[in-house]
Amino acid sequence: MAHLWQGVIQEYSAFFTHNILDNIVTLQEGGTPLIHATQLESLFADAKPTIYVKFEGANPTGSFKDRGMTAAVSNAVSHGAKTLVCASTGNTSASAAAYAAKAGLDSAVLVPTGKIAVGKLSQAIAHNAKVLQIDGNFDDCLIVARELSENYPVELVNSVNPARIEGQKTAPFEIIDVLGRPPDIHALPVGNAGNISAYWKGYNEYKVARKCDTLPKMYGFQASGAAPIVLGKKVDNPETIATAIRIGNPASWENALNARDESGGLIDMVTDDEILVAHKLLSKKAAIFCEPASAAGLAGILKLHKQGMLPKKQLIVITCTGHGLKDPSWALKESALDVSEFEPIRVANDVSEVAKVLKL
Ligand SMILES: *Cc1c(COP(=O)(O)O)cnc(C)c1O
């Protein structure tokens, strides 16, 4: 009989504690595709990597945030919370609003001024969240959300909530279950740094449980206009078209450094144009439509290869964190500098004219 995927908590229940297992709120998140991206491998000629993409855009609300949210909201329900609050550049709010709706809770999301992708905002509103735009950036929103949760009866569901990391650690379990081993290198974007921390925790827990013998090197990539970990200091006004990683003071900074150092990996940065080149390659060659931030992992691997820094014959998994429909306008632009809009080719209402344009 076909196995119907139950969501990450039930699928990996041995790796969760009672506070999360007792009242499971799920949209059957996880179980996302791990796509062998042969078309991308040819970009690396001599390095001969094997590349898989973990496509987290296939989660119920379109990003990996759902893995963490099922655990955070299950935990919140277990201790009787009635209202969820989060600071968000978009995807956390979309996910929090959806899981709050599923659990019958209220939700409030604090978003920074400007630059919220319309797809994400519409999800939060559709799922009935109160959306408050704070006069400040993401880091300011997180401070307000934290203080709100310390002084009022609301549950903070940002990745500083440990249950979020517990849920997000399941992506590496799935990767090992499919590949039969961890990759040599795991590449992913880094914003608030919860996800790279969660992956490292997951890989380690699976090794302790004797589900694998090795651990990957963790390669994290920030946007060059929002690269506090790379620069070694907070960035006051982070800027990047990759809004999901536009963060100047990551909450999980220490854990990200741990993941980097314990794994023998690295945290580097990529420019907006490198991100958009990788975004186009993912769409045009691998047929994976992700949002700009999601392309940072591939952008980083390409950068390392260009610098001669990518080891040869590696098994590489790249996490594409969110769906392209979240922030679709970037598909229509040539680069971060040229933001002129796409113009369709105009053709007469005539089949032979259409055929001629198509060179048939
Ligand atoms: C949240 C998010 C990130 C960044 O993840 P962190 O855990 O904050 O480092 C990257 N991409 C997308 C699409 C996201 O939603």
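Numbers below:
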{"read-out": "Surface/4 estimate of mean projected area, convex hull on alpha-carbon atoms of segment 191-335, nm²", "value": "9.2"}
{"read-out": "Pair-distance profile P(r), taking every C-alpha pair of the chain, with 20 angstrom steps and integer %", "value": "31, 57, 12, 1"}
{"read-out": "Distance (nanometres) between label positions extended 7 Å along Cα→Cβ at L315 and A101", "value": "3.9"}
{"read-out": "Rg(Cα) / (2.2 N^0.38 Å) computed for segment 265-310, rounded to two decimals", "value": "1.09"}
{"read-out": "Restricting segment 269-360 to trypsin sites (Lys or Arg not before Pro) in coil, as DSSP defines it, with at most 12 other Cβ within 10 Å", "value": "K312, K313, R346, K359"}
{"read-out": "Segment 146-272 - Debye-derived log10 I(q)/I(0), Cα point model, q = 0.09, 0.18, 0.21 Å⁻¹", "value": "-0.27, -0.95, -1.15"}
{"read-out": "Cross-link reach list, lysines versus K333, counting only Cα pairs under 29 Å and skipping chain neighbours closer than eight places", "value": "K54, K65, K115, K120, K280, K284, K285, K303, K306, K356, K359"}
{"read-out": "Under-5 Å amide H pairs with L315, H placed in peptide plane, nonlocal only", "value": "T50, D184, I185"}
{"read-out": "Anisotropy class of segment 34-157 from Cα gyration tensor, a/c 1.5 cut", "value": "prolate"}
{"read-out": "In Hz, Karplus ³J(HN,Hα) per residue of segment 136-151 (6.51, -1.76, 1.60; θ = phi - 60°; x = Gly, Pro)", "value": "x, 9, 4, 4, 5, 4, 5, 4, 5, 4, 4, 5, 4, 6, 7, 10"}
{"read-out": "Positive minus negative residues near K303 (Lys, Arg vs Asp, Glu; Cβ under 14 Å)", "value": "-3"}
{"read-out": "Distant-in-sequence amide H partners of L156 (H built 1.01 Å from N, under 5 Å)", "value": "V85"}
{"read-out": "Among H305, H79, H323, residue whose mean-square fluctuation peaks in a GNM of the chain (springs only between Cα atoms under 10 Å)", "value": "H79"}
{"read-out": "Cysteines without a disulfide-compatible partner [the chain; Cβ-Cβ under 4.7 Å]", "value": "C86, C141, C212"}
{"read-out": "Structure-based [θ]222 nm, the chain - -39500 (n - 2.57) summed over DSSP H runs of at least 4, per residue, nearest 500", "value": "-11000 deg cm²/dmol"}
{"read-out": "Whole-Hz ³J(HN,Hα) from phi, Karplus 6.51 cos²θ - 1.76 cosθ + 1.60, for segment 182-188, glycine and proline x", "value": "x, x, 6, 10, 10, 10, 7"}
{"read-out": "Computed lengthening from L360 to D135, 0.36 nm per intervening residue step minus Cα-Cα distance", "value": "75.6 nm"}
{"read-out": "Hypothetical label at I143: residues of segment 98-127 whose amide nitrogen lies under 15 Å (7 Å Cα-Cβ projection)", "value": "112-113"}
{"read-out": "Average accessible area per residue (Å²) across segment 134-276 - probe 1.4 Å, nucleic acids and ligands excluded", "value": "39"}
{"read-out": "Protein accessible area in segment 33-126, 1.4 Å probe - carbon and sulfur %", "value": "57"}
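The values are calculated or read from the model by the stated rules, or taken from the named source; none is laboratory data. The structure displayed is predicted, hence computed values, not measured ones. Cβ coordinates were reconstructed from backbone atoms using ideal geometry, including for glycine residues, and neighbour counts include every protein chain displayed. The accessibility values were calculated without ligands, DNA or RNA, using every heavy atom of the protein model including side chains. Shrake-Rupley method; radii C 1.70, N 1.55, O 1.52, S 1.80 Å.
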